[in-house]
Amino acid sequence: MKLPLPTEKYEIHRMRMPVRWGDMDAFGHVNNTVYFRYFEQARVEWLTQGGRTMVADGKGPVVVNAFCNFYRQLEYPANLVITQYLSHPGRSSCDVWMTIERADQPGQIVADGGATIVWVDFAASRAVPLPPWVRALMDEGIARARERMAMQQQIQQQVQGSDPLPSQPD
């Protein structure tokens, strides 16, 4: 079963990470459970940028579901680019989506997946509204993604509307 990533999503974070020797299993490739650790590291880096802490006043994020689609095997040594996207921010939750590619093979996705994060009051064991700083982080990421998308559309329009290169004389 393959779960597709949504078409409407916003790139909010990108990070590099090495494949470590210990990430591999007895079959000589990165173990499938490790991909979830890569996704986790991207989420943590995104939420803690600028010195923030994810858990404050007994409240913090909980992953309530997660999935991964595997397309190509990874082996040591390799450097990865993990790109995180956001969609469907709600009152107390948001959906995050990830792609993993090798840094030396840009554009070739080796795995993708997603997770739903819910902000929880741990003592009460119930969902609470996303904190204002998380909302701001999401809003900033979405605004930057929209700006990038608009610039890319402008470039495409300019390229499509430009005159072809003059032909060279024989």
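The values are calculated or read from the model by the stated rules, or taken from the named source; none is laboratory data. Remember, it's a predicted structure, so these values are computed and weren't measured experimentally. Every residue, glycine as well, gets a Cβ built from its backbone with ideal geometry; the counts of neighbours run over all protein chains shown. Just so you know, the surface numbers come from the protein's heavy atoms only, side chains and all, with ligands and any DNA or RNA stripped out. Shrake-Rupley method; radii C 1.70, N 1.55, O 1.52, S 1.80 Å.
In a reduced charge model with +1 at each Lys and Arg Cβ and -1 at each Asp and Glu Cβ, the stretch 1-155 shows a dipole moment near 200 debye about its Cα centre.
Here the simple spin-label model places points 7 Å from the Cα toward Cβ, and for Arg16 and Glu140 these points are separated by 2.2 nm. Of the residues Phe39, Phe122, the one with the largest accessible area comes first in the ranking Phe122, Phe39, computed with a 1.4 Å probe on protein heavy atoms. Computed over all pairs of different Cα atoms, the Kirkwood value for the hydrodynamic radius of the stretch 1-128 is 15.5 Å.
Between the stretch 9-61 and the stretch 76-118, how many Å separate their Cα centres? Cα centroid to Cα centroid, the span is 9 Å. In this structure the stretch 1-114 gives 55 Å² per residue of accessible area when probed at 1.4 Å with all protein chains present. Summarising the amide proton neighbourhood of Ser92: residues at separation of 5 or more, or on other chains, whose placed amide H is nearer than 5 Å comprise Leu130. Here the simple spin-label model places points 7 Å from the Cα toward Cβ, and for Gln105 and Arg91 these points are separated by 4.5 nm. Counting only heavy atoms of the protein chains and using a 1.4 Å probe, Tyr76 has close to 110 Å² of accessible surface.
If the chain linking Glu8 and Glu40 were pulled fully straight, counting 0.36 nm for each residue of separation and taking away their Cα-Cα distance, it would gain 9.3 nm. Between Val81, Val96, Val63, the residue with the greatest mean-square fluctuation in the GNM of the chain (Cα pairs under 10 Å linked by springs) is Val63. Springs between Cα atoms under 10 Å define the GNM used for the chain, and in it the highest mean-square fluctuation of Asp121, Asp112, Asp104 occurs at Asp104. Taking only protein heavy atoms and a 1.4 Å probe, the accessible area of the stretch 14-95 is 51% carbon and sulfur.
Which of the three applies to the stretch 13-54, rounded, prolate or oblate, going by the alpha-carbon gyration tensor with a ≥ b ≥ c and a/c under 1.5 meaning rounded? Prolate, because a/c is 1.5 or more and a/b exceeds b/c. Our estimate of slack between Gln153 and Asp57, defined as 0.36 nm per intervening residue step minus the Cα-Cα distance, is 30.3 nm.
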